[in-house]
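A short worksheet on the structure shown next.
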Number of protein chains: 4
Amino acid sequence: MGQRTIELSYLNASDRQGFLFSLSGIFENAPWVAERVEAGRPFATIAALHEAMMDVVRAADAEDQLALLNGHPELAGKSARTGRVAPASRLEQGAVGLDRLAGEELLRFEQLNAAYRRRFAFPFIICTRRHTLDSILVNFQRRLDHAPELELGKALEEIGHITRLRLVERVDGPGKPKTAGRLSTHVLDTVAGKPAAGVEIVLTQRGRRRHQLRVALTNADGRTEPPLIDGAPVPIGAYEIAFRVGGYFAARGTTTSDPPFLDVIPIRFAVAEPEGHYHVPLLVSPWSYATYRGS
Amino acid sequence: MGQRTIELSYLNASDRQGFLFSLSGIFENAPWVAERVEAGRPFATIAALHEAMMDVVRAADAEDQLALLNGHPELAGKSARTGRVAPASRLEQGAVGLDRLAGEELLRFEQLNAAYRRRFAFPFIICTRRHTLDSILVNFQRRLDHAPELELGKALEEIGHITRLRLVERVDGPGKPKTAGRLSTHVLDTVAGKPAAGVEIVLTQRGRRRHQLRVALTNADGRTEPPLIDGAPVPIGAYEIAFRVGGYFAARGTTTSDPPFLDVIPIRFAVAEPEGHYHVPLLVSPWSYATYRGS
Amino acid sequence: MGQRTIELSYLNASDRQGFLFSLSGIFENAPWVAERVEAGRPFATIAALHEAMMDVVRAADAEDQLALLNGHPELAGKSARTGRVAPASRLEQGAVGLDRLAGEELLRFEQLNAAYRRRFAFPFIICTRRHTLDSILVNFQRRLDHAPELELGKALEEIGHITRLRLVERVDGPGKPKTAGRLSTHVLDTVAGKPAAGVEIVLTQRGRRRHQLRVALTNADGRTEPPLIDGAPVPIGAYEIAFRVGGYFAARGTTTSDPPFLDVIPIRFAVAEPEGHYHVPLLVSPWSYATYRGS
Amino acid sequence: MGQRTIELSYLNASDRQGFLFSLSGIFENAPWVAERVEAGRPFATIAALHEAMMDVVRAADAEDQLALLNGHPELAGKSARTGRVAPASRLEQGAVGLDRLAGEELLRFEQLNAAYRRRFAFPFIICTRRHTLDSILVNFQRRLDHAPELELGKALEEIGHITRLRLVERVDGPGKPKTAGRLSTHVLDTVAGKPAAGVEIVLTQRGRRRHQLRVALTNADGRTEPPLIDGAPVPIGAYEIAFRVGGYFAARGTTTSDPPFLDVIPIRFAVAEPEGHYHVPLLVSPWSYATYRGS
C-alpha cells in the first residue's frame, strides 16, 4: 500500500541490515522476529518465510509474546482514533470503520477492550481485513470467555493472519501463502438454456455497516468480470446479491405476468471462510429460481 | 362486515320490497340495478345474480352508466377523508390506506383525480380490495391514457369486481363467484427428505405501504395452517416471505458453517391475479435453495 | 378380495361363533388368536382389534408362536407352487411372482428356505405385499444372520403386517390402521409458471421383475388422477417415473434445440416405507429440471 | 491420424508442388480446390485457408461441384464396406459404425442411398464425425424432401464440416477454426455445500448404437479430469450420464433410507450442436437433485 514491493530473491541475497529493514513493521514493534529468522535464509517461498517467522513467535518466551501482543493497538481505542498507531494498523482498522465508531458502539468497544485487557493483560487482536464489524463483535464477545491459554493461542493465530497479509503485500516472489478468497456468481436462464447476459447485479454488505460493494452487469457468459470479490480476503459477514431479472426477461420478450412474478431477486448469505471460494449462482426462469454454494 | 348475511333462497322468495332492500348499497347510489333484475328471479346461483346485475349495468344507457360511476367517491378524495361516503366504500378505501394519505402522496392523488375527471367526466374507480397502494397508482397512471370508450368499459369492470365482493359477503348460498385467491407456502428440508417443521415465516407486503401481514411457524407438514392468505383476494402488489432456516438447521444439528451460509431467506415476488393461487414453496438445504410458483 | 366385508359393529355384536367365523383365516391356521380376543369386545376401532390380536400372539407361549409361524407356507416353496396353501397366502405370493420362479432363482429360494429353517426351525415369513422380489431377497439374506430371538420378533412383526392388511380388507368400520402408502407426482412447467398438463408419464417397477405399472397423462393441475399408487402399500423396491417432456414443450411451441435437450426424463428412486407418502414431482424447463421427495 | 502434421507457415512458404501435395485428400478427388487457392497465399490462419477453399467450392461451376460431390462414397455403400474409398472417409464412416451395418439397417441405407441419388444425382454427404447413426438417419430422411437447390447447399455445407475437421488435423498453426465441442459435468453435494468427490460417473451414448463412452470418478472439485468429451465434436445424438450417488452418500455416512431413495441417477439429454459446450451438472442431496444445461 504505497510502499514498493520487494523481491523474495532480494531478501534472500541482501545483507542482514537490508533484510531487517525490508521486513520492518510486518510484526509491529517486534523487530526480534525478523532478527531471529535471518540466519534461516534462503527461503524458497514467501509462505516458508512467514511460517518461519510465526515459528519464532510461537517459540518465544512468554515475555516476548506478551510484548508482541501489547505492541498492537486496541481496536477502536483512543490511539486508533487519534492516529497514534502504526500506519498498517491504522489502515486495517479504518477499512472496517473502527476509527469512526461513535455513541453506543464506541462505548461497547471501550467496555469490551477494558474487560478483555483486565482478563488477559493484552489487547484484543483480530485480523480486521478478514472481518466485518459484526463478526468482530461476535468474536470479541466469544473470546472473552476463553481460558487464558486458549486465548493466547488465538491471539497469536490472528497475528499470523495479519502478518501474512502484510507480508504478501510487501514481498513478491514464488510460493505466496493463500490470503485471498473469491466471491463469484453466474446467472443461467433456464428458459433459454443459456447464460443470462446483461443482468444487473448489486452486491451489498449487510449488518451494522450496510453498504453497496459493487454494481455489475453479467457478461455473455452470465458472469461478472472481474468476479464480485477477488484477490483479497472475503470478510466474514453477511452479504446480499440482488439480481434484476425482471428487466432481463422483459427485454427478451419472455412471457410473464404484470407485474412480473419475479423482479429483483435477493440472495442473502454469510461468508465464514475469508480465503474460501464462494460461488453463488442463480438458475432462473420468470417463475422459479435456485441458488447454492458452488465452487 | 357487521351486517347479517341473507340466504339466496330468501332473496328468491321474498317480495319485491324485501329483495330491493336486501341488495341496497351493493351498487352504490344505483337502486335501479336491483330493480331491473328483480323480475328475473329466481337465480340459481349467486354468480348468476351478479352476472344479471352486471348485464343490467352494461345494457344501461350512457346517462345511467355515468350516474352509476359518479355515485362512487373519488379515491382519497375529500369525501373519503371526511367520511361522507357509503360505509362499504369507506371500509374499502381504508383497507389500502387511502384515507390516511398525506403530503406528496395526497397531492399526487388529487392531481390524478383532477386529470382523470377532466378527461372522462367520472371519478377513477378501482376495486381497492384487489390492489395495494402501489398497483392503484400504476393503474391510475395507465388508465389516464386510455381512450374514453375503453376506459368506460374498464370502470364498469371494476364495478363488477367491487360489487362481486360485496354481494358475496352479503348473500349466502350456492354458486358463489370466485372472489378469493390464496397464498401458501411449504418448506421442504432436502437433507432430511422431509417437510421442515417449526420454521418461522414472516410475510410482508412491500412497496409504499410496507407492513407485516403474518408471522407463522410451519407445521409437521412444512405448511402454515391456515395458508398465508386465504378466503380473500390477494391484493396485486409486491410481497416477501422470509424463512428463518438458520435456526431450523441449528436446532436439528445439521452441520453448517459459522456463521451459517443461509440464515433468513427472503423470497420476493409479485401477485398479478388476486383470485389466483400462489403457492411459493422453499426447497432448502444449509447450502442451497429453490423456489417457484407452484399450484 | 372376492369375499364380502364385515362391519366392525357386526363383529362386536355377533355371538362368539359368528365372531370367530368372521375372522377365520386372518391368522393362518391359528384360530386361537381370535378365540383369545373375543372376550375383549367391543373394539372401538379396527386398529384396536388388530392390536389386541397381536398382543395375544406376542403373549403366547413359545409352542403356540412356533405353531403359528409354521402354519405359514414357505416362500416359493413346493406347496406355494402347487397351490396347497391358504388362498390368501397364494394370492400374496403370486402378486410378487413367487409362484412362478424357475431356474437359478428358484434354486436360490430353495437354498435360502432350507438354511433358514435349519437355523430357526420355522419358515421365512415376510409380508410380500409390502415388498418386491428384490427386497424379499435382500431381507431373506439379512435375516439369516439374525440371532434367533431377534428373528422370532421380526417374524412376528411380519405376521403383524400380513394380518393387518388382511383384516383391513375383511372388516369395514372406524379406525382402520394405516396400511396404504401413496406414490404421486406433479409436473410444473417453470417457463409458464403453471402445472404442465398432458405430459405422458410411465411408472415402471425396476429390479428383477421390471414391469410397467402405469401409463398416465397429467391433468390440468399437472397431476395424475388417481395418484400413481394409492390405497395399498407401495412395495419396497426400485421404481422409475419417465416423463415425456419433449412432446409437451414441442406442442406448446416452446423454443428448444433439435433434437431437444430434454425429451424423456427418467427419475429413478427407491421406496423404503410401504405406508409412506412418496411425492416425486418434476420442475422442468426445456433445459433444466429438478426433483425431490416431497410430501 | 497417422499422418504427420504440417505447419501453416510451411504451407505458406513451400513451392506450389509442396502446397498441393500437403493438402491432397482434404477435398476428396478434387485437387482443383487446392490449386485454385494456392495463389491466395499467405494465409494468416488455418480458418482463413479453409474459408478460401470453401469459397472456391461455392464459386465453382455446377459440373465441378457435382464432380466434387460424386467423389465422395455413399454412406454404408458397397465401396465403404469393401474398403475401396479414401482412407479418411473409411475412418470417418467406421467411427459411427456405417461399415458394419447389416440386415434391415443395411437395407434401409441402401434404399435411402438409391432414393437420394435418383433425386439429386449425387450421393448423400454428411460429416459423420458430427453425428451418431440415429442423427444420420434423421437427417437422411429429412434431406430427401429438400428442393434440389437447397440440398446442394446443404451437401456443400457438410463438405465444409468434413474438410474443416480434416484440415485441422493435418495443419498446425494459428487460427484453427472451431471444430471441437465439450461435454462436462460437475457434482455438487448440497448437504455438505461442497463438490462431491469420488462419485462414479458413466457416460453412455444412447440410440441404435448404445455404448459406454466413459467411466470416471469425480475429483476433489466434483469434476472429471479430463472433461467427459473434449477436443472433438460431440456427435449429435442422445446421451446418458449416470451418477452413482448412493455409494457416495453411504461412504460419507449421510443419513438416508434403506434402500436409499436415490442410488444411480440417470440424466438423459441430447446434443444438437457438436461444437457447443454442454455442461450438465448435478446438484444432489440424498432426497433431491437438479440438473441443467450450463456453460
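Assorted remarks:
- In this Cβ point-charge picture (+1 for Lys and Arg, -1 for Asp and Glu), region A:173-295 has a dipole of about 420 debye about its Cα centre.
- For residues of C:276-289, the mean tally of beta carbons on other chains within 10 Å: 5
- Dipole moment magnitude, nearest 20 debye, the protein assembly as shown about Cα centre, only Lys, Arg, Asp, Glu C-beta charged: 0
- Exposure proxy shown here: for B:K178, D:K176, the number of other Cβ atoms within 10 Å sets the order, fewest to most, as B:K178, D:K176.
- When the charge dipole of region B:68-135 is built from unit charges on Cβ atoms (+1 for Lys and Arg, -1 for Asp and Glu) and taken about the Cα centre, the candidate among B:S135, B:A95, B:A121 whose Cα reaches farthest toward its positive end is B:A121.
- Sum of side-chain charges, B:T45 neighbourhood, beta-carbon under 14 Å (Lys, Arg +1; Asp, Glu -1): +1
- Placing a label point 7 Å from Cα along the Cα-to-Cβ direction at B:S14 gives distances to the equivalent points in the other copies of 5.7, 10.0, 10.4 nm, listed shortest first.
- Calculated FRET value between B:E273 and C:A232, using beta carbons and R₀ = 45 Å, to 0.05: 0.70
- For C:G103, the label point sits 7 Å beyond Cα toward Cβ; its separations from the matching points on the remaining copies run 2.0, 8.2, 8.4 nm, from shortest to longest.
- Anchor C:K176: aspartates and glutamates whose Cα lies under 15 Å away (excluding residues fewer than 8 positions away in-chain): C:E7, C:E51, C:E275
- Applying 1/(1 + (r/R0)^6) with R0 = 25 Å to the Cβ-Cβ distance of C:D145 and C:E105 gives a FRET efficiency near 0.75.
- On the rotation that sends chain C to chain B, the chain C Cβ lying closest to the axis gives residue and distance in whole Å as C:A290, 3.
- Modelled label reach - B:A86, point 7 Å along Cα→Cβ, region B:22-48 residues with backbone N closer than 14 Å: B:22-35
- Separation between Cα centres of region B:185-222 and region A:189-229, rounded to whole Å: 27
- Overall form of the protein assembly as shown: rounded. Here a/c, set by the Cα gyration tensor axes a ≥ b ≥ c, is under 1.5.
- Overall form of region C:1-76 per C-alpha gyration tensor (a/c, 1.5; a/b vs b/c): oblate
- Furthest towards positive pole of dipole, C:G276, C:N219, C:I236, structure part region C:214-280, Cβ charges: C:N219
- Its Cα centre serving as origin, chain C has a Cβ charge dipole (Lys and Arg +1, Asp and Glu -1) of approximately 500 debye.
- For peptide D:265-274, the mean count of partner chain Cβ atoms within 10 Å of a residue's Cβ comes to 5.
- Exposure proxy order (Cβ contacts within 10 Å, fewest to most) of D:I6, D:I126: D:I6, D:I126
- Inter-copy label distances for D:R244: 3.4, 4.4, 4.9 nm (label point placed 7 Å from Cα along Cα→Cβ; shortest first).
- Gain upon complete extension [A:T45, A:N70; 0.36 nm per residue less C-alpha separation]: 6.1 nm
- Ordering A:131-137, A:266-272 by mean Cβ neighbour count within 10 Å, with the highest value first, yields A:131-137, A:266-272.
- Projecting the Cα atoms of C:G175, C:G193, C:G160 onto the dipole axis of region C:155-194, where Lys and Arg carry +1 and Asp and Glu carry -1 at the beta carbon, places C:G175 farthest toward the positive end.
- Estimated FRET transfer efficiency (C:R117, D:V215; beta-carbon r; R0 45 Å; 0.05): 0.60
Just so you know, all these numbers are worked out from the coordinates, no wet-lab data involved. Since this is a predicted model, take the numbers as computed values, not measurements. Heads up, the Cβs are rebuilt from the backbone with ideal geometry, glycines too, and the neighbour counts pull from every protein chain shown.
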